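The block underneath contains the structure these notes are about, expressed in structure tokens.
Read-outs: derived from the displayed coordinates by stated rules, not from any lab. A quick note: this is a predicted structure, and the numbers were derived from the prediction, not measured. FYI the Cβ positions are ideal-geometry reconstructions off the backbone, even for glycines, and counts take in every protein chain you see.
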Amino acid sequence: MRPYKFSTKVSSKGTIKIPFSKKLIGKDVEVTIRPKSNNKETDISASNFIKKWAGFLQSKDADANKYDYLSNKYT
């Protein structure tokens, strides 16, 4: 059975209404509730990600740091 996705609101009594579907009558279903996010950063593109995080962990001598890390790890 294919999954169904729809938007609804939780009432003040804590109930939700789901759209009617004859295919769901008498079926066991799994319900997952996730608040909608208005944050547009969830749909970040690869280029925007690079622009945002490029240079975040820059090191003047990255090769020396890698060598030191591996030397300490395997000695």
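Work out how much length D63 to N48 would gain on full extension: take 0.36 nm times their residue separation and subtract the Cα-Cα distance, in nm to one decimal.
2.7 nm
Counting helices only, and only those DSSP H runs with n ≥ 4, report the 222 nm mean residue ellipticity of the chain as the sum of -39,500 (n - 2.57) divided by its residues, in deg cm²/dmol to the nearest 500.
Details: 2 runs with 20 residues, N = 75.
Calculated from helices alone, the mean residue ellipticity at 222 nm is -8000 deg cm²/dmol.
Tell me the label only: which of [x] 1.32; [y] 1.24; [z] 1.14 is Rg/Rh (Cα atoms, Kirkwood Rh) as calculated from this structure?
Evaluating Rg/Rh (Cα atoms, Kirkwood Rh) on these atoms matches [x].
Any chance you could count the Lys pairs in the chain whose alpha carbons are under 15 Å apart, treating pairs 8 or more apart or on different chains as valid?
6
Charges on Cβ only, +1 for Lys and Arg, -1 for Asp and Glu, centred on the Cα centroid of the chain; of A46, F20, S7, which one is farthest towards the dipole's positive end?
The Cα lying farthest towards the positive end belongs to F20.
If you line up the long axis of helix 62-73 against the longest principal axis of the chain, both from Cα atoms, how many degrees apart are they, to the nearest 10?
The angle comes out at about 80 degrees.
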